[in-house]
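Attaching a single structure in C-alpha cells format; questions to follow.
The values are calculated or read from the model by the stated rules, or taken from the named source; none is laboratory data. Everything numeric here is computed off the predicted structure, so don't read it as measured data. All Cβ positions, even for glycine, are placed from backbone atoms using ideal geometry, and neighbour counts span all protein chains on display.
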Amino acid sequence: MKKIFIIVTATMATALAAVTLDSCQEAEAAGDYASFVDPFIGTGGHGHTFPGAVVPNGMIQPSPDTRIDGWDACSGYYYADSLINGFSHTHLNGTGCADYGDILFMPTVGAHVIDNQVDTLQSLPYASSFIHANEVAEPGYYSVILNRYDIKAELTATDRVALHRYTYPRSKRPGMIIDMDYSIQRQNNLNMELEVLSDTEIRGWKMTEYWAFDQQIFFYAKFSKPFTHTIVTDTIINTRGLPHVRCKALLNFAPTKDGDQVLVKVGVSAVDYAGAQKNVEQEMPDFAFDETRRAAREKWNAYLSKIDVPFSSDRDDLVKFYTALYHTAISPNLFTDVDGRYLGMDRKVKQGDVNRPVYTIFSIWDTFRALHPLLTIIDPEKNDDYLRSLLLKAKEGGVLPMWELAGNYTGTMIGYHAASLFADAVAKGQNTFDVNEALRAAVRAAEYDTTGIACPPKVLPHLMPAAKYYKNTIGYVPSDKDNESVAKALEYAYDDWCISQLAEAAGDTATAARYAGFAQGYRKYFDPETRFMRGVMTDGTWRVPFSPNASNHRNDDYCEGTAWQWTWFVPQDVPGLIELMGGKEKFTEKLDSLFSASSELTGDLVSADITGLIGQYAHGNEPSHHITHLYNYAGQPWKTQELVDRIYTEQYRVDPDGLSGNEDCGQMSAWLVLNAMGFYQVTPGSPVYSIGRPLFENLTVNLTNGKQFVVNVKDFSKKNKYIKSANINGRELNAPFFTHDDIKDGGILTIEMTDEPTEWGK
C-alpha cells in the first residue's frame, strides 16, 4: 500500500505540475497577469484588505461585508467570518482606521427580516451564511453563494459604477434590501434619504460623521426587472437603550423560476444625484455583466503588465508579486464624476477637467515611503495626477492634507509628507506642476498656522499640532509639550529636508538654507549613552523613565512604534546618523541588535501596529520599511540581501493572513514590489536606489515612454541570495546603489548571485 501510495502521489504531482505549467503558458500567451492575483491575501490577520470588485483606482468598490465593529472590520470583510451582511459600495484598502461601507445591498427570498437588530453583534438580521468554497475573487470580479437564500451573488465594476448580478432560486417572493443606515463601525448617520423614481429606479443620499467628519454620498440604481417597494424610515431603540435611525428600501420582484436573474447597476457620486445618474448612464448604458467583467480584467492586465515577470517563475512568488502590484492600484480613488465635477476640500462643488480627474484617499504617512516612489517608475503620469490633486486640496482647504478621506481633513498621523512626494518628483524630473506653488504649499504645511483651514475644530490640533510651533521657534519638540514628540520631530526633519530640496529647485536659497538647518534637528534626540532617539523635556533633560521596548499607543514619544524602530528614521542623512552612532562599526553593531533583540514589548497599551517582528524590527508598520537597506550605507550589503530574502518568506505569504500588518493603501505591497525588482529607495527626494535581493531571475519594467528597464539575474536560485557582482547599462557597480537616471530611459541591471556572503559593494 505504501508503494502504491507513493507511486500515485508522484504521478499526481507530475500531472499537477504539467497542468500548472500549461496554465501558466496559457496565461502568459494571453497576457493574463490577473490570473496570479489573489484578492483574499490580506483579508485575514490584520491586513484589512477587501476581496470585492474594483478597477484600478476606481471610485466604487462593491464588496461583501462580514463584520461591523472592531479593528478587523476596517475593510468590512474578515476572512474568518462565516456570515455576510450584504454588499456595500465603498471600502478602504488595508487601513488601520475604519470608514465607508456605504449603501448596502442584500438580495433576499421570503419575508424581509429587518427587526431585532442587536447592535452588539457583527451580523444584521438578514445576514446569510456562506462558505469559502463557494466564493470567487478575481481582479474586477467577486461571487459567492448566500446559503440562507440560495442566491448566487456576483459583482463587477467600471470606474464609477458597480454592476450586481443575482441568480435566484424558484421563489414566490424574491426581493432585496437596500440599507442606508448600515455602515462599517456604526458611524454617526447625520442624514439619509431614499427616493423611488420608477419601478426600476431608486436613488438615495447619506451624510455621515466618523473618520471623515463630513462624508456625503449619493447613489442611483437601475434594475433589470421591475420591483414593488416599501420604504422604512423610523427610529428604534437599540439594545443599549439608544435611538437608532433606520432608512431602508424593501424591494420585491415578480416570482422567479430557478436560475432567474436580477441585475442592478449602481453609480455613486460625492456631488449630487445628477452626478451619480450620469456616471451610470455614461459608463454602463446596459446590463452587460460578462462584458463589464472582461473589461475590468483587461484594465487590470494593462496595469499589471507594467512589470513583466516570466510566468514560468515560482507560482507562489508570482502570486505574491502580482497581488502586491494589484494592491498598489486600489487607492487613491477617483473622485471626479464623468462630467468633471468633484467635491472640494471646502465642501463646495468644483467643475474640474474629466481628463485630469481629482483623486481621494491619500494615506501619505504610509505611501510616501514606497508607493509613490514605485509610481515614479511605473506610472509617473498617474503619480502626477495625485500630486496635482494634493495641490488643489491645499488651495481649497487651506493646507496640504496628511490623511485625506472623501474630501475631508482627518488629522490622522503625523508629518507633512506631501513635501516628500513633490521633492521626489522634482528630483526625478517629473514636475509638471509649478515648483514654486508646491514649495509654498509645503512651507504652509510646515509652519504653525491654524488659520484659514477648512476642517472641524476637533481636527485642527491634529492637523496643525503644537509640535510645529515648538520646532520652528525653540528648535525642538519638548516631550512634555506635545505627544509623539520624537516621531514628529524626526519626520519633520525629513520633510524639512524635502522642502529644502524644493526650495533649491525653485531658486529660493534663503528657504533652502532655513529648512536644511531644520533637517539636522534629529540630532537633538539622539542619546549617545543608550544610542536611541529619546524624548527631550522643556528643561533639556531626557524624559524618564525610558525603555526602548515600551509602547503606549499614540500616547508616548513615538508613533505606532518604539525607540527601537524610530531611532533609524533619518533617511535624509544616513551618514550623519552613522556618525552619531560612532561610525560604521558601531552603527552596524547597533543595527544588528535591532534584529537580534527580544521581540518583547511592554507598556499599558502596546500599539497593535507593531507587528511583523524580527527582533525589534517591525515590518508590519511603515517606520521600519527602509531599515534593512541601511546596511548598504554601512559597508555590509550582504546583510541587506539576507534580510530582504527573509522578509519575502516570513512577512508575505499566499494566504488570507499573508500580510504582516495593515496593507495601508498599497504601502505594504509597494515595499514587496520594489524589493522584488531588486532595489528600494531609502530617501524619497534623492533619486538613489539601494540594491537588495531580487525575487525573480528576470523582470522587465515597461516604462510609459515606450522604453524598458530589465533586471537580469545570473545564477539565480532560492539558495543564492547574496550578490557576487552587479552592473547597470554595462557599467560595473562597486557600491550597492544606482540612480533614477539609470532607469528612466530604459536599461539593464545585471546581478550575479551566489550562496555565500561576499565583499561586493562593501
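Restricting to segment 281-329, and then to whatever is polar (S, T, N, Q) and out of contact with any Ser or Thr (no Cβ under 6 Å at 6 or more places or on another chain), can you tell me which residue is surrounded by the fewest Cβ atoms within 10 Å (Cβ to Cβ)?
Taking the candidates together, the pick is 312.
Report, by residue number, each residue of segment 709-762 that is out of contact with any strand residue (DSSP E or B) (no Cβ under 6 Å at 6 or more places or on another chain), over 23 Å from residue 631 (Cα atoms) and either part of a strand (DSSP E or B) or not basic (Lys, Arg) (or both).
730, 741, 745 - these are the residues of segment 709-762 that are out of contact with any strand residue (DSSP E or B) (no Cβ under 6 Å at 6 or more places or on another chain), over 23 Å from residue 631 (Cα atoms) and either part of a strand (DSSP E or B) or not basic (Lys, Arg) (or both).
Name the single residue, out of those in segment 633-642 being touching a Phe, Trp or Tyr at 6+ places or on another chain (Cβ under 7 Å), not charged (D, E, K, R) and not in a loop (DSSP other than H, G, I, E, B), that is surrounded by the fewest Cβ atoms within 10 Å (Cβ to Cβ).
Checking each candidate, the answer is 638.
For segment 135-162, which residues satisfy the criterion of being assigned to a loop (DSSP other than H, G, I, E, B) and either touching a Cys at 6+ places or on another chain (Cβ under 9 Å) or farther than 26 Å from residue 279 by Cα (or both)? Give the derivation first.
Initially, segment 135-162 is screened for residues assigned to a loop (DSSP other than H, G, I, E, B), giving 139-140, 147-150, 158-160.
The answer is 147, 148, 149, 150.
Tell me, which residue of segment 587-605 that is within 27 Å of residue 684 (Cβ to Cβ) and of a type in the set (A, V, I, L, M, F, W, C) is surrounded by the most Cβ atoms within 10 Å (Cβ to Cβ)?
587
Mind checking which residues of segment 587-616 are of a type outside the set (Val, Ile, Thr), assigned to a loop (DSSP other than H, G, I, E, B) and within 23 Å of residue 46 (Cα to Cα)?
598, 599, 600, 601, 607, 608, 609, 612, 615, 616
Within segment 648-707, how many residues are closer than 19 Å to residue 322 by Cβ, among the aliphatic types (A, V, I, L, M) and not in a loop (DSSP other than H, G, I, E, B)?
Residues meeting the conditions: 9.
Can you confirm whether segment 310-332 contains a residue that is among the polar types (S, T, N, Q), in contact with a Phe, Trp or Tyr (Cβ under 7 Å, 6 or more places away or on another chain) and over 30 Å from residue 695 (Cα atoms)?
no
Taking interchain pairs and intrachain pairs at least six residues apart, which have beta carbon atoms under 7 angstrom, with the first residue in segment 334-349 and over 15 Å from residue 393 (Cβ atoms) and the second aliphatic (A, V, I, L, M)?
Filtered contacts from segment 334-349: 337/271; 338/354; 339/354; 340/354; 341/271; 341/349.
Each row is one residue, and each column tells you yes or no for (1) free of Cβ contacts under 8 Å to residues at least 60 places away in the same chain; (2) closer than 27 Å to residue 546 by Cβ; (3) buried (at least 18 other Cβ atoms within 10 Å of the Cβ).
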{"site": "414", "(1), (2), (3)": "no, yes, yes"}
{"site": "417", "(1), (2), (3)": "no, no, yes"}
{"site": "423", "(1), (2), (3)": "no, no, yes"}
{"site": "426", "(1), (2), (3)": "no, no, yes"}
{"site": "430", "(1), (2), (3)": "yes, no, yes"}
{"site": "462", "(1), (2), (3)": "yes, yes, no"}
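Can you find, within segment 563-586, the residue that is surrounded by the fewest Cβ atoms within 10 Å (Cβ to Cβ) among those that are in a helix (DSSP H, G or I) and among the β-branched types (Val, Ile, Thr)?
The extreme case among them is 574.
Has segment 72-79 got at least one residue that is within 23 Å of residue 231 (Cβ to Cβ) and of a type in the set (Gly, Ala, Ser)?
The answer is no, given that none of the residues of segment 72-79 is within 23 Å of residue 231 (Cβ to Cβ) and of a type in the set (Gly, Ala, Ser).
Mind listing whichever residues of segment 348-369 are hydroxyl-bearing (Ser, Thr, Tyr) and either part of a helix (DSSP H, G or I) or under 13 Å from the mean Cα position of the chain (by Cα) (or both)?
Across segment 348-369, the qualifying residues are 360, 363, 367.
Residue 490 fails exactly one of the following numbered conditions: (1) within 27 Å of residue 540 (Cβ to Cβ); (2) in contact with an Asp or Glu (Cβ under 7 Å, 6 or more places away or on another chain); (3) assigned to a helix (DSSP H, G or I). What is the number of that condition?
All conditions are met except number (2).
Moving on to the next point. List the residue pairs whose Cβ atoms are under 9 Å apart, where the first residue sits in segment 137-148 and is over 22 Å from residue 299 (Cβ atoms), the second is aliphatic (A, V, I, L, M) and part of a loop (DSSP other than H, G, I, E, B), and the two are 6 or more positions apart or on different chains.
Final answer for the pair search is 144/131; 145/131; 147/131; 148/127.
Right, another one. Among residues belonging to segment 238-279 that are of a type in the set (D, E, K, R) and at pLDDT 95 or above, point out the one that is surrounded by the most Cβ atoms within 10 Å (Cβ to Cβ).
265
Quick check on my filter: what residues within segment 286-305 are over 29 Å from the mean Cα position of the chain (by Cα) and either closer than 17 Å to residue 197 by Cβ or among the small types (Gly, Ala, Ser) (or both)?
288
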